[in-house]
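S.K.: Pasting a structure below so you can have a look.
The values are calculated or read from the model by the stated rules, or taken from the named source; none is laboratory data. Here the structure is a predicted model, which means the values were calculated and not measured. Cβ placement follows ideal geometry from the backbone for every residue including glycine, while neighbour counts extend to all protein chains displayed. Calculation scope for accessible area: heavy atoms of the full protein, side chains included, ligands and nucleic acids excluded. Shrake-Rupley method; radii C 1.70, N 1.55, O 1.52, S 1.80 Å.
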Amino acid sequence: GMSDAPLCPVEAVEGGTIEDSGPHFTQLDFANATIGGGVLRNGAVQEEIRFLICPELIVSRAIAEPMATHEALLMRGFERFSNYSGYGHATFAFAGPHVAAAGSPAEPPSETELLAIDAIAFGRDAQTRLGQYSRGAIERELNKAFVGFAPPDGETPDAPLRPLCTGNWGCGAFGGCVQLKAVVQWLAASRARRPSLR
């Protein structure tokens, strides 16, 4: 059905990382359906990097089964221990222990919030990637994002929600269209009544 929710404000920021946005945001994990992806094997992209710099997140692999299309995973109470440089196998490297920069807010572990939502993997084949523009694929991605962005089960529906810090969800190895995924996240965040999207 139709939604009467107004579109939430969007802030586009060049550079930076989701994990550096601070504890006042719900930070997105561009997840695999099996949480953590290749963190215990050879993965070195967004989700795996996050789990490596915040190793307490690895515990979620032991307690969470693969997410269904209508499920998301919200994790709280973890700490960042490491900095890194690069991205992917060719350049990813440990860059020392994590210490909050002078003048930036400290991140108490109890306040850091990471939301894992998995996108459909379309891969690199141009013909297969066209499938993301089908009604079914768009509805699946809208529903997945909305499930994650809506108030968590057990929390008051009217409680204030944090703004979201996200990026190119499902657009790297999964082959998603950056513009389509941005609109999907914007619509889902607005319907979930998030105060803003970054």
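S.K.: Quick one: putting +1 on the C-beta of Lys and Arg, -1 on the C-beta of Asp and Glu, what dipole do you get for the chain around its Cα centre, in Debye to the nearest 20?
M.R.: About 480 debye.
S.K.: Only bridges with both residues in the chain count here: give the DSSP antiparallel percent, nearest 5.
M.R.: The antiparallel fraction comes to roughly 40 percent.
S.K.: I would also like to ask the following. Can you tally the net charge around Cys171? Count Lys and Arg as +1, Asp and Glu as -1, for every other residue whose Cβ sits under 11 Å from the Cβ of Cys171. Before the final figure, lay out the partial values.
M.R.: Values: positive: Arg129, Lys181; negative: none.
For residues surrounding Cys171, the net value is +2.
S.K.: Let me ask something else about it. Below 8 Å, C-alpha to C-alpha, sequence gap of six or more: please give me the relative contact order for the chain in percent.
M.R.: Once normalised by length, the contact order is 29 percent.
S.K.: Which whole-number percentage describes the relative contact order of the range 18-134, with Cα contacts under 8 Å and a sequence gap of 6 or more?
M.R.: It comes to 32 percent, rounded to a whole number.
S.K.: Separation between the Arg135 and Thr156 pseudo-spin-labels, each 7 Å from Cα along Cα→Cβ, expressed in nm?
M.R.: 4.0 nm
S.K.: May I ask you to rank Leu187, Leu73 by accessible area, largest first, using a 1.4 Å probe over the protein chains only?
M.R.: Highest to lowest solvent-accessible surface, that is Leu187, Leu73.
S.K.: With every protein chain left in place and a probe of 1.4 Å, what is the accessible surface of Asp20, to the nearest 10 Å²?
M.R.: Accessible area of Asp20: about 100 Å².
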